[in-house]
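Everything on this sheet refers to the single structure shown next.
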Amino acid sequence: SNRQVAGPPTAAAMGDDTEGPESLGVAHINEHGEKYFEGVLRCRWTPAKGRILRATRNFDLGDVIFSESPLHIVQEQDKSAAFKRLKKLCADREDDFDYEPLWYWCAIQSLTKEQLKDAKLGGLTGTTPEIQHNLLLLHHDEVTEPSKASQIIVKEITPGADPIIVERLLQIWVLNCFEYSDNPQGYSTYFFSSFMSHSCFPNAVWHYSDSDHVLRCRREIKVGDEVCISYLPENGLLQSAPARRMELHDTKRFWCDCERCAPGEDDLSRGVKCPECSEGKIFAKTPAAGSAKDGSLLPSQWSGATCDKCNHTVAKAQAGKLAAFERKAQELVDKHSKQTARGVKELETDEAFIDQHFAQHVLADLAWEQFCSHYAAKRRVSDQRRLLERRCEFHKAAYPGLSGAHAWALEALGDCMRGVEGSKTQPSDSDKAAARQCYTEATEILRLMFGEDHEYVTDVDSKLADLD
């Protein structure tokens, strides 16, 4: 499997690198990398993590590592007789079909012309043996028997196909695909990009340029370093370690143990004010290794944590209280995200609760995000601005590197300082200067992560130009 987590390479790990079992196709993957990407990354196999990609040269922040076109694209085809039949099967036999029709359609359209030659319905284009070979090298769990759905598909639509192959292709799309289009809905897969491991502190980030994957360096990369991306969105990287690990398990089927999730470390997204000195911060510890029942923030993760100012250590009884504060904060986030109109008094009371107990905590950030929306609706710009400033501070402190979420919070703060479009009151010179500073800092981050021409950058550039 290559769906593992990345950590810093050690001499021992480098020594363990091999091409691994022939069935994993490492030699083939590297031939592909040499042919299309000048061998800038090399696929290796390690007993602990499976297939990984290592850099063969140094990269600085913002450097393009490579750009890759899709391996295969599949879109819904409402006029296709085969797709219509598939949708009806999914509706009529929902106990057997666990996924949406498009997932099964991706598997069917990844069969070769030879496998589709006895198809019972028209509208199937399939793919080449070469593309299918590369698809079958992508990560998926071993399939020993087909699901009922795959057996039904073979019986009703593609009698010339092996149901095990249909099942493998289904799992490959579920675990490796990217959203390609909205109308019609479509998914794409990429070959070389799919061998990158996940880290919650990644040294690379990908973005689209048309349908191509562009991979950029977001932390300095040296020869031999493992190159890793985040399987989570940018705001997901600011979540607590238990929440990140649960999300990754639910979506990608592994338990993260990267350097930000390694057990017993300070979770910089879970800080509270020290109940003893009120000045220092206490951070919860990251969860124990291995599986978890769910993403709950547990009292045990507070036991033994110490204040960074007075060295106060959290005992078991106090750990229960801190976890209770977190549950209350989650309730506030849920409450404010569900209903629209909120009174100022209620907002002030809930904000006071957050202020009283939390310092550098993702739940405080999520609460401030909701409070900002309510304050904006009431045109309480100074309150909105105050909380946006706090959000920016949290993002900078909680994630130690280039962060899209931080850049977008800076952009929102700049928008707030610049004032409402069409407003009768013009922003003051000092507000314009403050907005310019926010926009400039945001573009510096976004330019390194997504490149000069990306809409994330050009959108902020146009706001900067409007200030002149």
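The values are calculated or read from the model by the stated rules, or taken from the named source; none is laboratory data. For clarity, every value in this text was computed on a predicted model and none was experimentally measured. Here Cβ is always computed from backbone atoms with ideal geometry, including for glycine, and neighbour counts include all displayed protein chains. Ligands, DNA and RNA are stripped out before the accessible areas are found, and what is left, the full protein with its side chains, is counted by its heavy atoms. Shrake-Rupley method; radii C 1.70, N 1.55, O 1.52, S 1.80 Å.
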Going through segment 146-181 in order, the residues found to be at pLDDT 95 or above, open to solvent by 50 Å² or more (accessible area, probe 1.4 Å) and closer than 30 Å to W45 by Cα are D162, R168
Which of the residues belonging to segment 117-145 are under 27 Å from S193 (Cα atoms) and surrounded by fewer than 16 Cβ atoms within 10 Å (Cβ to Cβ)? T125, T128, P129, E130, H133, L136, D141, E142, T144
Yes or no: A204 modelled with pLDDT of 95 or more, more than 30 Å from Y104 (Cβ to Cβ) and surrounded by fewer than 23 Cβ atoms within 10 Å (Cβ to Cβ)? no
How many of the residues in segment 350-363 are within 18 Å of N235 (Cα to Cα) and either surrounded by 24 or more Cβ atoms within 10 Å (Cβ to Cβ) or out of contact with any strand residue (DSSP E or B) (no Cβ under 8 Å at 6 or more places or on another chain) (or both)? 3
Yes/no for A48 being in contact with a strand residue (DSSP E or B) (Cβ under 9 Å, 6 or more places away or on another chain), on the phi < 0 side of the Ramachandran plot and either modelled with pLDDT of 95 or more or not β-branched (V, I, T) (or both): no
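Yes/no matrix, rows are residues, columns are (1) touching a Lys or Arg at 6+ places or on another chain (Cβ under 8 Å); (2) open to solvent by 10 Å² or more (accessible area, probe 1.4 Å); (3) farther than 30 Å from W173 by Cα; (4) not in a strand (DSSP E or B):
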{"site": "N235", "(1), (2), (3), (4)": "no, yes, no, yes"}
{"site": "S269", "(1), (2), (3), (4)": "no, no, yes, no"}
{"site": "V272", "(1), (2), (3), (4)": "yes, no, yes, no"}
{"site": "A289", "(1), (2), (3), (4)": "no, yes, no, yes"}
{"site": "A292", "(1), (2), (3), (4)": "yes, yes, no, yes"}
{"site": "G295", "(1), (2), (3), (4)": "yes, yes, no, yes"}
What about A397, is it of a type in the set (A, V, I, L, M), surrounded by 22 or more Cβ atoms within 10 Å (Cβ to Cβ), under 30 Å from T349 (Cα atoms) and modelled with pLDDT of 95 or more? no
Scanning segment 419-468 for residues that are assigned to a loop (DSSP other than H, G, I, E, B) and open to solvent by 60 Å² or more (accessible area, probe 1.4 Å) gives V420, E421, G422, K424, T425, Q426, E452, D453, D468
Considering (1) of a type in the set (K, R); (2) part of a loop (DSSP other than H, G, I, E, B); (3) closer than 23 Å to S194 by Cβ, say which one R168 fails and leave the rest. (2)
Mind listing whichever residues of segment 374-417 are under 24 Å from the mean Cα position of the chain (by Cα) and of a type in the set (S, T, N, Q)? S403
Only one of F283, F254 is assigned to a loop (DSSP other than H, G, I, E, B), touching a residue at least 60 places away in the same chain (Cβ under 8 Å) and farther than 26 Å from L448 by Cα; which? F254
Among (1) closer than 30 Å to E234 by Cβ; (2) in a loop (DSSP other than H, G, I, E, B); (3) of a type outside the set (A, V, I, L, M, F, W, C); (4) open to solvent by 40 Å² or more (accessible area, probe 1.4 Å), there is one condition S300 misses while meeting the rest; what is its number? (2)
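Per-residue answers, yes or no, for (1) open to solvent by less than 90 Å² (accessible area, probe 1.4 Å); (2) within 22 Å of V205 (Cα to Cα); (3) hydrophobic (A, V, I, L, M, F, W, C):
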residue	(1), (2), (3)
P21	yes, no, no
R44	yes, yes, no
A48	yes, no, yes
P70	yes, yes, no
I73	yes, yes, yes
